[in-house]
Amino acid sequence: MRTRLFVILSEAKNLIKWGLAFVFSFFFFVSTSLAQIAVKGETVYTMSGAPIKNGVVLIKGKTIERVGPASQVNIPNGYKVMNAKVVTPGLVDAHTVVGLAGIYNVPHDQMQLETSSPVQPELRALDAYNPREELVEWVRNLGVTTMHAGTGPGALASGSSIVVKTHGNTITEVLVDPVGMVMFTLGESVNDNFDSPGTRSKSVAMIRSEFVKAQEYTKKLNEKDASKRPDRDLKLEALAKVLSGEMKALFTVQTAPDIMAVLRMAKEFGFKPVLDGAAESYLLVDEIKKAGVSVIVHPTMVRPGGDTRNVSMETAATLKKAGIPIALQSGFEGYVPKTRVILFEAAIAAANGLSFNDALAAITIDAARVIGVDKRVGSLETGKDADVVLFDGDPFEYTTHVCGVIVNGAVASETCR
């Protein structure tokens, strides 16, 4: 009898112990899943108004709860407090191959361009992006929290891009927009990868021919008689979305003749492109402004040569002064680590005619507008995604470090780099 009572009491004790463990675990999970952070900065650049001296950004969960001067924003008990000299929104890279191109430059991590055919708009970055790629972590530690990721230049039509966050382990966790833009290229890089096209006129003719096919495909899809409708064609489906305005077209073009070719095609087929690179765009300011298109300007320090032989460090400033919407990008490099850092590119743009505020906007709110995600990211405003970067000095000074990165309310880094 005593033995049985002892067993019962022991089991009861174990149940109480596991029950208490469950309760403590539950409350720990709740408290960590609803993270609460207060970021204090000597200067807070919200990008939605004037900079705030001695500002505070309150974060609750995945979104920004409140932004304002410390004299007006009370930090509730229990909030994790992080301090910085300068606070900005998470940086937005308007065009990169990071996540498709890997850090080691070996075949298995180079998925940025398919060269089996010059026209493959049906390919999707969604199917190739690797959120665990080390290069993603590298740029995140330097302040990049949102990326417009897609193929590198080199094919007439290379597939659709995606917009992602830089913190998370699966594509589902990081995805912001699964179908960003359909990506096209005109120029020497196409001729380097394919036997045909070999000339500018052939390149344009091939793209125009595919757009004509897409127009016919759309007409047939709308046939009342179902038997007359065509089978599903992924290539023409992607191009049809460009023509209908459902998806934007990103054209990587550097020379003035190629830029003009894109503007003519856009007018002919009735779509509005985004120009990418556009090294000689300063020669066509009036034409670009009249067309009403945005430009994702080449990396400021891109190496001059080939199609970029006439590149200028003042391009961003020239276009911005003319009232043309711009963003800056990290672009694509053939060498390790395959990407530039937009923070440094913006700093050089600021040293070459672009104001500090415009340079910062080109990698935050203006970049978010160009890629169509400004309702979520690009500025520090109540209700937006809690993406914040902490600096120990002027963001564009060479000796300044990124000392904290918050993505979707999660502290991704607290080490000064």
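The values are calculated or read from the model by the stated rules, or taken from the named source; none is laboratory data. In this text the structure is predicted, and so the values were computed from the model without any measurement. Using ideal geometry, Cβ is built from the backbone for each residue, glycine included, and neighbour counts are taken over all protein chains shown.
Could you list all residues from segment 80-98 that are in a loop (DSSP other than H, G, I, E, B) and over 20 Å from Ala410 (Cα atoms)?
The initial filter retains those residues of segment 80-98 that are in a loop (DSSP other than H, G, I, E, B), namely 90, 97.
Of everything in segment 80-98, just one residue is in a loop (DSSP other than H, G, I, E, B) and over 20 Å from Ala410 (Cα atoms), namely Val97.
Are any residues in segment 223-258 in a loop (DSSP other than H, G, I, E, B) and in contact (Cβ under 8 Å) with a residue 40 or more places away in the chain, and if so, which ones?
Matches in segment 223-258: Met247, Gln254, Thr255.
I'd like the residue in segment 304-363 that is of a type outside the set (A, V, I, L, M, F, W, C) and either closer than 20 Å to Val87 by Cβ or not assigned by TED's automatic domain parsing to the domain that holds Lys290 (or both) and, out of all such residues, is surrounded by the most Cβ atoms within 10 Å (Cβ to Cβ).
Among them, the one singled out is Asp358.
Only one of these is more than 22 Å from the chain's Cα centre (by Cα) and more than 25 Å from Ala346 (Cα to Cα): Ala291, Ala256. Name it.
When all the criteria are applied, what remains is Ala291.
Considering only strands (runs of 3 or more DSSP E) fully contained in segment 359-417, which possess at least 3 residues that are under 25 Å from Gly150 (Cα atoms) and touching a helix residue (DSSP H, G or I) at 6+ places or on another chain (Cβ under 8 Å)?
Details: elements: 388-391, 402-407, 410-413.
Output list is empty.
With the requirement that a residue be over 11 Å from Lys289 (Cβ atoms) and outside any strand (DSSP E or B), what does segment 322-336 give you?
Answer for segment 322-336, where residues must be over 11 Å from Lys289 (Cβ atoms) and outside any strand (DSSP E or B): Gln329, Ser330, Phe332, Glu333, Gly334, Tyr335, Val336.
Take the residues in segment 260-280 that are touching a Ser or Thr at 6+ places or on another chain (Cβ under 6 Å) and at negative phi, then tell me which one is surrounded by the most Cβ atoms within 10 Å (Cβ to Cβ).
The qualifying residue surrounded by the most Cβ atoms within 10 Å (Cβ to Cβ) is Asp276.
Which pairs do you get when a residue that is among the acidic types (Asp, Glu), found in segment 61-85, comes within reach of a residue that is crowded, with 17+ Cβ neighbours inside 10 Å, reach meaning Cβ atoms under 7 angstrom, with the pair 6+ apart or on two chains?
Glu65/Leu58; Glu65/Ile59
Have a look at Asp127, Asp109 and point out the one that is touching a residue at least 12 places away in the same chain (Cβ under 8 Å) and among the acidic types (Asp, Glu).
Asp109
Scan segment 294-344 for residues that are under 22 Å from the mean Cα position of the chain (by Cα), of a type in the set (Ser, Thr, Tyr) and under 22 Å from Asn193 (Cβ atoms) and report the count.
Going through segment 294-344 one residue at a time, the tally reaches 3.
All but one of (1) touching a strand residue (DSSP E or B) at 6+ places or on another chain (Cβ under 7 Å); (2) free of Cβ contacts under 8 Å to residues at least 60 places away in the same chain; (3) of a type outside the set (D, E, K, R); (4) farther than 22 Å from Ile52 by Cα hold for Ala351; state the number of the condition that does not hold.
Just one mismatch for Ala351, condition (1).
Based on this model, can you work out whether Val212 counts as of a type outside the set (Asp, Glu), buried (at least 20 other Cβ atoms within 10 Å of the Cβ) and in the same structural domain as Thr199 (by TED's automatic domain parsing)?
no
Being of a type in the set (Lys, Arg), surrounded by fewer than 20 Cβ atoms within 10 Å (Cβ to Cβ) and in contact (Cβ under 8 Å) with a residue 12 or more places away in the chain is true for just one of Arg140, Arg132. Which residue is that?
Details: Arg140 fails: surrounded by fewer than 20 Cβ atoms within 10 Å (Cβ to Cβ).
Exactly one residue qualifies, and that residue is Arg132.
If a residue must be more than 15 Å from Ala316 (Cβ to Cβ), among the β-branched types (Val, Ile, Thr) and either touching a Pro at 6+ places or on another chain (Cβ under 8 Å) or surrounded by fewer than 24 Cβ atoms within 10 Å (Cβ to Cβ) (or both), how many such residues does segment 366-379 contain?
2
Can we say Lys290 is buried (at least 19 other Cβ atoms within 10 Å of the Cβ) and assigned to a helix (DSSP H, G or I)?
no
Across segment 154-176, what is the number of residues that are surrounded by fewer than 18 Cβ atoms within 10 Å (Cβ to Cβ) and not in a helix (DSSP H, G or I)?
Adding up the residues that qualify gives 3.
Among the residues in segment 380-396, are any farther than 26 Å from Val182 by Cα, surrounded by 24 or more Cβ atoms within 10 Å (Cβ to Cβ), in contact with a Cys (Cβ under 7 Å, 6 or more places away or on another chain) and touching a residue at least 12 places away in the same chain (Cβ under 8 Å)?
yes
Here is a yes/no grid of residues against (1) acidic (Asp, Glu); (2) under 22 Å from Gly180 (Cβ atoms); (3) buried (at least 17 other Cβ atoms within 10 Å of the Cβ):
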| position | (1), (2), (3) |
| --- | --- |
| Gly49 | no, no, no |
| Ile59 | no, no, yes |
| Val73 | no, no, yes |
| Val87 | no, no, yes |
| Asp109 | yes, yes, yes |
